[in-house]
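Values quoted throughout were computed directly from the atomic coordinates according to the rules given, and no laboratory measurement underlies them. Because the structure is predicted, anything quoted here is derived from the model rather than measured. Virtual Cβ from ideal backbone geometry, glycine too; neighbours counted across all protein chains shown.
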Amino acid sequence: MSAAAHPTLDPLVMLRALLRGHAAAGGAVANTLRADAFGLVTFGRTDALDLFATHPLLLSATPHVLASSQALAVLDETADGRCIGVFADLADGVIARLWLVAATAADAHCEAAVPVARDDFLSQLRLLCQGDPGDHPCLEAAAWPNVVSLGCDALAAHAGEGQPPAASSSQAVVMRAFSVGDLVAALYSLRVQEYTAPRRAHRRLALATARRDAMGTVVHGRIAISDPLPEPAPVFF
């Protein structure tokens, strides 16, 4: 079922219902929905509704919303003053993919995994924000420098939360980005490299929105950053 068949469906209204786990959202949620929220990952409409029924999220009456035909970005503030974010891929008005940038649930976990040696920084290029503007067809080309600068700001904001500064090998990877007029939104995966020996890293999600002036300069921006995402427990044979 798609929103095209029900033109009265508002993606934001349906998102609110989904985030509360209400079955009323089912008609505007893809059956194959993958949701990344609270450090948990679900596959399928039913599991997503069950997740949010267990961990409901109520948006305020006036969240900051940036929407296009293919994406929906929402920034809001919790009662304790924390900035949180939601990013959704849309297909004909149907929520097809969802990321929640917020706290990590106490029951969040990953399946145990065998640790494999890897080097996520093999190129040794000190690029704080990595991505390709060609991967984001709904983003105005002139807005790409703003997306990069917002990704760098997200890494800096991590340190502003009382965390130690990220090592220079840390990176923000642009997952989604789009623009509407002078507004731009971007979703990032943050790989925060720590100053430890041996080096350790953790992942976070970040969502940023901004307004650009006629010169292409960001005049107002907001960033939401998730808690560290859970890491799988190592399994050795």
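General remarks:
- Around the amide H of Arg20, modelled in the peptide plane, lie the amide H atoms of Leu57, all under 5 Å away and 5 or more residues distant in sequence or on another chain.
- Membrane-span-like helices of the chain, defined as complete DSSP H segments with a Cα extent of 18 Å or more along the helix axis and a mean Kyte hydropathy of at least -1.0, are identified as 144-160.
- Report summary: the helix-based calculation at 222 nm, which adds -39500 (n - 2.57) for every DSSP H run with n ≥ 4 and divides by the residues of the chain, gives -4500 deg cm²/dmol.
- Listed values for segment 92-107 are Karplus-derived 3J(HN,Hα) couplings in whole Hz (6.51 cos²θ - 1.76 cosθ + 1.60, θ = phi - 60°), namely 6, x, 8, 6, 9, 7, 9, 10, 10, 9, 7, 6, 9, 5, 5, 9, and x replaces Gly and Pro.
- Among beta bridges identified by DSSP and lying wholly in the chain, the antiparallel ones come to about 90 percent.
- Alpha-carbon Rg/Rh ratio, for segment 3-101, with Rh computed the Kirkwood way: 0.93
- Geometric extent, Cα atoms of the chain - Rg, Dmax (angstrom): 18.1, 59
- Between the beta carbons of Ala112 and Thr32, assuming R0 = 25 Å, the FRET efficiency works out to 0.45 to the nearest 0.05.
- At an R0 of 45 angstrom, the distance between the Cβ atoms of Thr62 and Ala91 translates into a FRET efficiency of 0.95.
- For Ala79 and Ala24, the difference between the fully extended length at 0.36 nm per residue and the C-alpha to C-alpha distance is 17.2 nm.
- Note on Asp135 and Arg200: the extension gain reaches 20.5 nm, defined as 0.36 nm multiplied by sequence separation minus the Cα-Cα distance.
- Note: segment 129-225, Cα convex hull, 84 Å³ per residue.
- Applying Stokes-Einstein at 20 °C and 1.002 mPa s to the Kirkwood radius of segment 196-237, computed over alpha-carbon pairs, gives a translational diffusion coefficient of 155 µm² s⁻¹.
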